[in-house]
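The values are calculated or read from the model by the stated rules, or taken from the named source; none is laboratory data. Only a predicted model underlies this, so the values are computations on that prediction, with no experimental measurement involved. Virtual Cβ from ideal backbone geometry, glycine too; neighbours counted across all protein chains shown.
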Amino acid sequence: MKIKILIPFLLFFLIRLSGFSQQSNVVTIIVKDSSDNMPLKDVVIKIDARRANLSTNNEGVHSFFLPPGEYGLTISHFGYRTFRQKLIMNNSEVNLAISLINIAKELDEVTVSSQSINGNVSRPLLGVSSLSIKAIKKIPAMMGETDVLRGLQMLPGVTSVGEAANGVNIRGGTTDQNLILLDDTPIFNPTHLFGLFSIFPPDAVSGLELYKGGIPAKFGGRASSVIDINMINPSLDKFKMTGGISLVSNRLTIEQPIIKEKLAIMVSGRASFNDFFFKLGPPKLQNIKANFYDLATKLFYKMNAKNTFTFSGYLSKDFFQTDLLGTIGNVNATSTQYDYQTENAALKWFHAFNSKLNLQTTAVYTNYQPKTLLPELNSDNKVSLESGIVYNQLKSSLNYNLNEKHRLEGGISTILYRINPGILNPGNSKSVNYRSVPEERSTESGIYLEDEFTVNKKLSLSVGLRYSFYNALGGTVRNYNPLLSKSDLSVIDSTVYKSNETSASYGGFEPRIALKYSLSELSSIKLGYSLMRQYLQVVSNTTTPLPTSRWATSNTYIKPQISELYSGGIFKNSRNNIYEFSLEGYYRNTENVLDFKPGADFLFQPYIETQTLQGKGKAYGVELMASKKKGEITGWINYTYSRALNQIKQSGRFDEQINGGTWYNTNYDRPHSFNATVSISQGSHHEFGFTFVYNTGRPFTVPEGFVEYNNVKYPYYVERNNDRIKDYHRLDFSWTIRNPSMQKKRWEGSWTFAVYNLYGRANAYSVYLRSENGLKAYQLTIFGSPIPSLTYNFKFM
Amino acid sequence: MTIKHLKIYFFIFSLTILFGCIDTYDVDFSQKNNILVVEGFLTDDYQNPDTIKIQYSRYVERSTFISPIVSVKASIVALGTGKEVNLVEQKLGGFLPPSDFRINPSEKYSLHFALPNGERYESSPEQIYTTPPILKIYDKFNTRSKLSDDGKKFLASNDIFLDFKDTPKQKDYYLWRYTHYEKIVHCTTCFNSQYDLKTLGCTIKLASFNRTPYYDYQCAGECYAIIKGKPINIMSDVVSDGDLVTGRLIAKIPYHYMYGCLVEIQQMSISPQNYTFYRNLELQSQSTGGLADTPAAAIVGNINNVTNSADKVVGYFGVVSIQKKRHWVDRKEANGDYDYILSHPPVDEPADPRDTSRPPMVKCLKSATRTPFKPTDWQ
């Protein structure tokens, strides 16, 4: 929209008042409601953005004179989407019939609550948020990469340890306590390039649902939350193409019907091959290679009205190389290459028996393979360190809408885990041996039933019960002297189990209960309780897990994590569902949280119980959220007060305790968190986005002092996480210009200019001490300056 | 997986060069007490035994202080025979085994000591492990060996490597130490002052300087700096059991002078407990600064207070066999800028024709860091 600012407002009035009367320059505007075609009175009309005291009469009509020229016409009315148009007067009569869109009746611009309209108030769902890809794309993107995980962090109760964190922390949980599903397939490493970008291709994703409170009984296996990300279904009737080019990556998504209304495919690819930028940097960066790609596909087959089949596939790969550091162990390598890959596939069959009963059966396969390659000096040989996790799942669920009062869902699921903790493949090296840690195999099964029961108009319940059972298969189980810490030196004897023999088993009920009581049509209170069991965890003693971190299932000594969450909330919507408000509180206690002995080393360690510790965790918080879902200005703000603490006291021995067995702040304990996202739509061509984020600084450990040892100063630590780095805050901005040509074409392009960290706040990622050149404390900042980016996006319909 | 983390530290470091930054950070420390620090190996190098130190370390106003403890009774107890050998107290909290003491390879030893306040301490049992010999030491001049303090340029050094054959079919943990001998030209630097031959110190105050606020004074006669390697260098044979280990990087000897220098390397097989202690030290002081740091924890070794289990002692006691070898670094390939041993380009005090006693030469005094005697194998 071209806004002409040189036409003086006063001139317009003078001309009008002087009786400048030329019928050919009369503008007549009729304004109606788009939904019922009824005339709208008192609609405000502005010329060139100046209020001209013009408004429509009872018939929704207003006529006025304008001298020849170009004008910006704005028509606005409370509760309606503002209309803007360029107006050209060239001695002719202009009649405009304008239908204003009633905001209350349009689809949500930004969905950040329960999916259905008023669903956040009317259904017994607690701690559930939906985030549409439309909403995620409105959030200013770092380096132009639309990022699902960064979008998620704008929701209350979701934080991370920093800008390069490999995952998010939800309601005081660790990153591995979130079950991240992409079209039913689990994601073990959600980021590219060590945490900088999330792996979900934005054009292939339709949105996500975050379950951080009342987790449906169909989900299991994680102690904290479920992040259910769905890919778009391919269009069955027409070809579509979308894509984009940014500083970091290039994207292309195609939807192609193969048999119209029957069979269609979606393919979405994203690739980053812009690491030539490193060659433009300082000499020490010139040999760095850092690239990634991901490929998502979905094939949808509608066999008939009762049967559909969906195949979802996802492939992701990262490669990073540097030649400036040492090596693993004593491999004399010229560089280090990280190569990690995710392969996911799911085949789903949906069968509707009738309008009330349907069955969904899904087979899932995931293979995550992190690899470290070490090209040897003076040789073509590469030593490789390989690990991986193979996940096979078969699940089936039956949905039955018994009557208006009962919606039932029941199902079964079984998972086979095969974990390769580490294989060192020396190639033809003479200095390195082949080495492997035996594969860990286990099964996890679940059976559940859930009923969403509407007791009466005011009261409804969601009652679910899941029973999960777990078996660790095969392996060698050691017996340790109970008077000593578990180590190689305290082994009494050991038992070897055959590959399909159960070496350890766990199980138990997982009740999930939520209650909703309506205070009015637009407000309700809810209470909930849920219990979750987790048998698979990442084994990493670092601030954030690395892509190469090891995963491990429960065994004789690593007990499953059991989390109980109590939550409650008040929910209120405005009358037209434009505004939503919520206040939620929660308290979680978790048994058997995992921590690690000082100096723990998992490399080729088959008995990880010698390196791990288990204890208790507790987390609590209050989350306030307000969102505006429709209109020219949309967005949300939220504030969260939360705490997350652990207590590790496995025994009375010093090396089996953390902080002497007292409660301590977790790495991701950030008490105050405030997020604001605002999107301002100026007509159909311009959109502005702002986000502001504030978090209390995360804990870090300050030494009590120093000791001199071997003539070198070393920090002397007493308490873990006894201080905090400085608070984090950041403002981002984006400006999207859609369809700059303003012409209706099948090809429509848009440009997005964004600035991440607009005021250049040097937020600390970590504070640490180093001793080589005299002991000094340093602050590491990941993005210490504003980062502008320009992205071109297109769609072809 | 510490070493893997190192690469990722670098990756993040690389990114922060592009987009981020590393700044110094002011941290408040509140050390309340003296901390008991024990360090020492009982070695089979009977000619040059390690001094076992039992001291207090204090940190006051940004400085650390070592306080010897008087009247400590320390002994080595052979756990198999129960025989106790008293250690001989040296100055500054140091102890040595008697000159006729010999380690029995099949025996386990424990360090016992009692402080004047009545607290008694014991180490965990430690046994000697066979250390394989160093087969070969070699060096390579590397212009991009390490980054300068400010991270803006590379500094050159001679990287020292060694080869050895790991003992097969046993878990081995290695620790390397090195001592670097450098023939130095200047023995003292006086900042904002001149050297006074009467006081043997920088006591002649000066208000103005021509170029730099210091003068460097040459040594009277030969003088050699004794520089102990500071970085912790440890290795587990987890990937190389029984193999010929080649190209293990031991030291980076800075390009101080155009002429050569001498390096003595000690190779030791240490116990798993000693390895864990050193690994914790290394994790918390050298392998930090990345995306995924390991949480800090008290660096407590294998010394326990038997009268008060809550008392935490920093340090370790170990029994080790030392294999050592010397290597002459000829620096024939060296080129480029010097990495000044004084941390600045040397500036001699200008000669004064009216006072021929100036600039004075400074005597090379024998100390733990300096000697006027040519080291063995110096070329």
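Quick one: what pairs do we get from segment A:550-569, first residue free of Cβ contacts under 8 Å to residues at least 24 places away in the same chain, second crowded, with 23+ Cβ neighbours inside 10 Å and among the β-branched types (V, I, T), C-beta under 9 Å, 6+ apart or different chains?
Qualifying pairs under 9 Å: none.
With B:G80, B:G20, B:G40 as the choices, which residue is under 25 Å from the mean Cα position of the chain (by Cα) and either modelled with pLDDT under 90 or in the same structural domain as B:N117 (by TED's automatic domain parsing) (or both)?
B:G40
Condition (residue is under 30 Å from A:S524 (Cβ atoms) and of a type in the set (S, T, Y)) applied to segment A:538-559: is it met by at least one residue? I'd like the intermediate steps shown before the answer.
Taking segment A:538-559 first, the residues under 30 Å from A:S524 (Cβ atoms) are none.
Within segment A:538-559, not a single residue is under 30 Å from A:S524 (Cβ atoms) and of a type in the set (S, T, Y).
Looking at A:S387, A:S413, which one is touching a residue at least 40 places away in the same chain (Cβ under 8 Å), within 14 Å of chain B (Cβ to nearest Cβ), within 30 Å of A:G507 (Cβ to Cβ) and touching a Gly at 6+ places or on another chain (Cβ under 7 Å)? Reasoning before the result, please.
On the way: A:S413 fails: within 14 Å of chain B (Cβ to nearest Cβ).
On inspection, the qualifying residue turns out to be A:S387.
Which one of A:S485, A:S503, A:S524 is of a type in the set (G, A, S), assigned to a strand (DSSP E or B), more than 30 Å from A:V455 (Cβ to Cβ) and touching a residue at least 40 places away in the same chain (Cβ under 8 Å)?
The conditions single out A:S503.
Looking at (1) buried (at least 19 other Cβ atoms within 10 Å of the Cβ); (2) of a type in the set (G, A, S); (3) closer than 24 Å to A:G697 by Cβ, which one does A:A754 not meet, given that it meets all the others?
A:A754 satisfies all of (1) buried (at least 19 other Cβ atoms within 10 Å of the Cβ); (2) of a type in the set (G, A, S); (3) closer than 24 Å to A:G697 by Cβ except (3).
Tell me which residues, restricted to segment A:228-261, are among the β-branched types (V, I, T), within 19 Å of A:K348 (Cβ to Cβ) and under 21 Å from the mean Cα position of the chain (by Cα).
Residues satisfying the conditions are A:I229, A:I232.
Output the residues belonging to segment A:179-221 that are assigned to a strand (DSSP E or B) and at pLDDT 95 or above. Give the derivation first.
Residues of segment A:179-221 assigned to a strand (DSSP E or B): A:179-182, A:185-186, A:191-192, A:197-198, A:205-211.
Residues satisfying the conditions are A:L179, A:I180, A:L181, A:L182, A:T185, A:P186.
Does at least one position in segment A:134-152 carry a residue that is assigned to a strand (DSSP E or B) and free of Cβ contacts under 8 Å to residues at least 60 places away in the same chain?
Within segment A:134-152, none of the residues are assigned to a strand (DSSP E or B) and free of Cβ contacts under 8 Å to residues at least 60 places away in the same chain.
Being free of Cβ contacts under 8 Å to residues at least 60 places away in the same chain and not in a strand (DSSP E or B) is the filter; apply it to segment A:668-701 and report the residue that is farthest from A:T640 (Cα to Cα).
So the residue we want is A:S684.
Out of segment B:300-314, which residues are within 11 Å of chain A (Cβ to nearest Cβ) and of a type outside the set (K, R)? Even if it seems obvious, please write down each step before you answer.
Going through segment B:300-314, the residues within 11 Å of chain A (Cβ to nearest Cβ) turn out to be B:300-302, B:304-305, B:309-314.
The answer is B:V300, B:G301, B:N302, B:N304, B:N305, B:S309, B:A310, B:D311, B:V313, B:V314.
Suppose we filter A:S442, A:S431, A:S468 for residues that are crowded, with 19+ Cβ neighbours inside 10 Å and either more than 30 Å from A:A217 (Cα to Cα) or not assigned by TED's automatic domain parsing to the domain that holds A:P547 (or both); which single one remains?
One residue alone meets the criteria, A:S431.
Return the residue satisfying two criteria in turn: it lies in segment A:734-748 and is under 30 Å from A:F692 (Cα atoms) and among the hydroxyl-bearing types (S, T, Y), and of such residues it is surrounded by the fewest Cβ atoms within 10 Å (Cβ to Cβ).
Across segment A:734-748, the extreme among qualifying residues is A:T736.
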